[in-house]
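Asks: Structure provided below as structure tokens; questions to follow.
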2 protein chains.
Amino acid sequence: MAPESGEFALIDRYFTRPTPQAVLGVGDDAAILTPTPGHELLASSDTLVEGVHFFAGTAAEDLGWKTLAVNVSDLAAMGGTPRWALLALTLPAADEDWLAAFARGFHACAAAYGLALVGGDTTRGPRSFTVTVLGEVPTGMALRRSGARPGDELWISGWPGRAALALRHLRGELILAEPFRSACLTALQRPQPRHALGLALRGLASAAIDVSDGLLADLGHVLRASAVAARVDGAVPMELTLAVGEDAARTAFFAGGDDYELLFSVSPDRRAEIEALAVRLDLPLYRIGRIEGGPAGAIIDGAGQPYAGPHGYEHFVP
Amino acid sequence: MAPESGEFALIDRYFTRPTPQAVLGVGDDAAILTPTPGHELLASSDTLVEGVHFFAGTAAEDLGWKTLAVNVSDLAAMGGTPRWALLALTLPAADEDWLAAFARGFHACAAAYGLALVGGDTTRGPRSFTVTVLGEVPTGMALRRSGARPGDELWISGWPGRAALALRHLRGELILAEPFRSACLTALQRPQPRHALGLALRGLASAAIDVSDGLLADLGHVLRASAVAARVDGAVPMELTLAVGEDAARTAFFAGGDDYELLFSVSPDRRAEIEALAVRLDLPLYRIGRIEGGPAGAIIDGAGQPYAGPHGYEHFVP
């Protein structure tokens with residue numbers, strides 16, 4: 001029999017790590033995992049495709065980080081603790097330097113958020129990555145999109161729009177000055193899933209989603225799932241308007257995707273808890289509007305008019 | 001807000017079904033699932049890429065079946081019961097007829113094996129599919145690759161090699177006559193994961209694997225994981241040799257992948273139970289050799305010589 005070579009050797013070398021969180025990890029037909037009693041299991045998959053979600057030539061280490069981070073973000077939006085990941089890696093060729101860098105970024109993100117890589121697949125083909133992340137939440141405590149109620153206030157974490165501005169910078173459409181440029185590039189290339197915020201919102205937020213398609217597009221998902229409308233007052237964080245002007249800031253804030261901030265709704269009588277949370281987590285939390293009765297999914301501006309701002313990005317729009 | 005369109009409408013239309021097995025299925029940031037107390041969780045991902053794992057132009061309904069079936073097979077090889085699946089679908093365009101047919105095949109396989117589709121992702125890009133399947137097994141009962149012991153007998157289910165012969169037929173390299181041709185094409189296009197066999201082998205087989213890379217290649221995985229060698233006697237099922245002759249049958253049987261039969265080892269004093277199982281499941285189970293001491297991974301033939309037969313397929317072999 002030939003020694004371990006090709007696909008299997010690559011997997012062994014870069015992706016097999018001790019997995020104290022698993023009974024059995026990479027290297028059998030399936031991983032064997034032990035769920036925590038009293039918890040529900042959370043499962044989510046996201047795919048990144050070269051030329052669609054990232055430029056050819058993007059640093060492999062950043063891709064390794066981001067391909068896991070965007071999945072951790074989905075669990076953060078549910079108030080879940082990530083535990084295990086499976087990585088399906090499709091590559092045009094086995095480039096060892098590339099793989100080593102990708103694995104470094106992936107494992108750095110896994111370590112930062114406490115996940116074990118327990119399985120996956122390696123195939124030849126056009127470059128793309130699908131991660132499935134599994135996590136846990138105490139039974140009944142998951143944050144859903146469907147719990148927003150009229151009167152709840154709408155909040156957003158961080159500064160969504162920075163990733164979209166970084167993309168425009170990389171395309172040469174606008175110029176960002178330091179240190180704002182670095183902050184935007186980090187938001188695009190090394191997004192920080194709002195894990196601690198998601199945990200803190202359990203029992204506090206009525207609904208939550210992570211902003212991947214754009215603030216208004218993702219707000220629309222919450223509103224339709226909750227069968228409510230929303231009023232959004234239109235203010236944009238000063239940090240963005242000072243850097244790129246009102247129009248570019250507004251478009252990036254409301255329509256830019258890929259930031260992985262959390263958008264959530266909270267009863268107004270718990271506003272002080274949210275403000276205390278912003279201090280404790282050292283993370284800005286902006287109140288951007290409130291949930292109202294009205295047609296499911298409708299968004300009106302501060303003047304009560306249908307919101308005319310830019311929306312988000314969708315694949316396969318006809 | 002625009003009505004549901006594009007990506008989201010497609011997902012809704014073809015992939016959202018009632019999910020009685022999930023607390024919350026498709027349509028939030030993550031699915032919420034309830035593990036069964038006293039069980040371990042099994043998780044596995046497999047990717048199919050156009051031009052690598054299937055020809056461009058393969059019937060979408062067959063692809064929908066197969067992309068799930070190959071994952072169910074991984075759980076069968078662990079003795080697990082499949083419960084939930086996540087589907088990451090990457091497509092160059094949103095072709096509604098294609099999607100409807102793919103969904104039909106996928107849901108048919110899900111219904112046949114009792115799974116609920118609970119999540120996934122839809123992205124634009126070169127055609128590929130990654131399924132993550134989650135299943136359960138009573139704690140401590142999973143079949144692993146690492147349990148084979150010297151003296152155990154080696155068994156294979158069904159007729160591996162039929163999928164490889166179908167591929168050669170489709171390539172025009174040989175001609176298969178009916179009804180064997182149909183049986184081979186079904187093995188390639190609509191593989192039947194050996195779910196019932198996997199369940200029956202719990203507490204009976206010492207090790208198991210599903211044959212996706214080829215019988216000898218996958219045997220090699222078992223031998224290395226178990227740190228043992230094997231003697232394989234070289235007999236090939238008569239059904240194959242009568243159809244295509246000794247040489248083509250031997251190559252297909254020992255090196256052909258993609259059949260998803262189970263290869264497993266069992267103590268010789270339990271041979272009668274295996275023979276009874278073949279009758280009960282109406283599934284041929286062939287004894288092809290036995291586990292021996294010796295260099296981990298070594299395979300010798302009936303005459304005691306290093307096995308010189310054809311091996312299996314690997315991606316990324318240098």
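Asks: In peptide B:46-56, what is the residue-averaged number of other protein chain Cβ atoms found within 10 Å of each Cβ?
Replies: 4
Asks: Binning at 20 angstrom from zero up to the longest distance, how are the C-alpha pair distances of chain A distributed in percent?
Replies: P(r) over chain A, rounded to whole percents: 32, 56, 12, 0.
Asks: Going by amide H atoms built from the backbone, whose H comes under 5 Å of the H on A:Asp29, apart from near neighbours?
Replies: B:Arg145
Asks: Could you work out which residue, out of A:Ala110, A:Ala164, A:Ala56, moves most in a Gaussian network model of chain A, that is, has the largest mean-square fluctuation with Cα springs under 10 Å?
Replies: Comparing A:Ala110, A:Ala164, A:Ala56 in a Gaussian network model of chain A, the most mobile one is A:Ala56.
Asks: Any chance you could tell me what percent of the C-alpha pair distances in the protein assembly as shown go past 44 Å?
Replies: Looking at the protein assembly as shown, the distances longer than 44 Å represent 23 percent of pairs.
Asks: Among A:Leu89, A:Leu281, A:Leu197, determine the one that fluctuates most according to a GNM of chain A built with springs between C-alpha atoms less than 10 Å apart.
Replies: A:Leu281
Asks: Quick one: of the DSSP bridges fully inside the protein assembly as shown, what percent are antiparallel, nearest 5?
Replies: In the protein assembly as shown, DSSP labels about 80 percent of beta bridges as antiparallel.
Asks: What does the structure give for B:86-94 when I average, per residue, the other chain Cβ atoms found within 10 Å of the residue Cβ?
Replies: 4
Asks: How shielded is A:117-123 by partner chains, expressed as the average number of their Cβ atoms within 10 Å of its Cβ atoms?
Replies: Per-residue shielding by partner chains comes out at 6.
Asks: What are the ³J(HN,Hα) values, in whole Hz, obtained from phi via the Karplus relation 6.51 cos²θ - 1.76 cosθ + 1.60 with θ = phi - 60°, for each residue of segment A:225-241 in sequence order, with x given for Gly and Pro?
Replies: 5, 8, 6, 9, 10, 8, 10, 10, 7, x, 6, 10, x, 3, 4, 6, 5
Asks: Summing Lys, Arg as +1 and Asp, Glu as -1, what charge do residues with Cβ under 9 Å from the Cβ of B:Asp46 carry, B:Asp46 excluded?
Replies: It works out to a net charge of -2.
Asks: What angle do you read, to the nearest 10 degrees and between 0 and 90, between the alpha-carbon axis of helix A:246-255 and the longest principal axis of chain A?
Replies: 60 degrees
Asks: Continuing with this model, one more query. Give the accessible area for A:Ser267 in Å² (nearest 10); use a 1.4 Å probe, count only protein heavy atoms, and leave out ligands, DNA and RNA.
Replies: The accessible area of A:Ser267 comes to roughly 40 Å².
Asks: Taking each label point as 7 Å beyond Cα in the direction of the beta carbon, state the distances from B:Gly172 to the same residue in the other copies, shortest first, in nm.
Replies: B:Gly172 label point versus its equivalents elsewhere: 4.7 nm.
Asks: With θ set to phi - 60° and the Karplus curve 6.51 cos²θ - 1.76 cosθ + 1.60, what are the ³J(HN,Hα) couplings of segment B:196-202 in order, to the nearest whole Hz, using x for Gly and Pro?
Replies: 3J(HN,Hα) across segment B:196-202, in whole Hz: 5, 5, x, 4, 5, 7, 4.
Asks: Stokes-Einstein diffusion coefficient for segment A:7-138 at 37 °C in a medium of 0.692 mPa s, Rh from the Kirkwood formula over Cα pairs: what value in µm²/s?
Replies: 221 µm²/s
Asks: At 1.4 Å probe size, what's the solvent-accessible area of B:Tyr286? Round to the nearest 10 Å².
Replies: So the heavy atoms of B:Tyr286 present about 70 Å² to solvent.
Asks: Shortest first and in nm with one decimal, please list how far the B:Asp301 label point sits from its counterparts in the other copies (point 7 Å along Cα→Cβ).
Replies: In ascending order, 8.1 nm.
Asks: Which residues' amide hydrogens lie under 5 Å from the amide hydrogen of A:Leu41, considering only partners 5 or more residues apart or on another chain, with H built in the peptide plane?
Replies: Correct list: B:Leu33, B:Thr34.
Asks: Let me ask another. Mind listing the label-point distances from A:Gly151 to the same position on all other copies, shortest first, one decimal in nm, points 7 Å along Cα→Cβ?
Replies: Those label-point separations list as 7.3 nm.
Asks: Ok, one more. Where does helix B:180-189 land angle-wise versus the long Cα axis of chain B, in degrees 0 to 90, nearest 10?
Replies: 50 degrees
Asks: Can I ask one more? Go ahead and set up a Gaussian network model of chain A, Cα springs under 10 Å, then flag whichever of A:Gly289, A:Gly147, A:Gly57 fluctuates most.
Replies: Result: A:Gly57 has the largest fluctuation of those listed.
Asks: Can you tell me the 0 to 90 degree angle between the C-alpha axis of helix A:96-113 and the longest principal axis of chain A, rounded to 10?
Replies: 50 degrees
Asks: How much mean residue ellipticity at 222 nm does chain A get from its helices, if each DSSP H run of length 4 or more adds -39500 (n - 2.57) and you divide by all residues, to the nearest 500 deg cm²/dmol?
Replies: Mean residue ellipticity, 222 nm, calculated: -10500 deg cm²/dmol.
Asks: Report the charge-dipole magnitude of chain A in Debye, nearest 20, computed about the Cα centre from +1 at each Lys and Arg Cβ and -1 at each Asp and Glu Cβ.
Replies: 560 debye
Asks: ³J(HN,Hα) across segment A:268-273 via Karplus (A = 6.51, B = -1.76, C = 1.60, θ = phi - 60°), whole Hz, x for Gly/Pro?
Replies: Here the 3J(HN,Hα) series is x, 6, 10, 4, 4, 5 Hz.
Asks: With both bridge residues required to lie in chain B, what share of the DSSP beta bridges run antiparallel, to the nearest 5%?
Replies: Counting only bridges with both partners in chain B, antiparallel ones make up about 75 percent.
Asks: Something else: For segment A:145-300, place one equal point scatterer on every Cα, skip the solvent, and apply the Debye formula. What is log10 of I(q)/I(0) at q = 0.13, 0.15, 0.17, 0.21 Å⁻¹?
Replies: Result of the Debye calculation: -0.56, -0.75, -0.94, -1.33.
The values are calculated or read from the model by the stated rules, or taken from the named source; none is laboratory data. All values reported here derive from a predicted model rather than from experimental measurement. Virtual Cβ from ideal backbone geometry, glycine too; neighbours counted across all protein chains shown. Note: accessible area is taken over every heavy atom of the protein model, side chains too, but ligands, DNA and RNA are not part of it. Shrake-Rupley method; radii C 1.70, N 1.55, O 1.52, S 1.80 Å.
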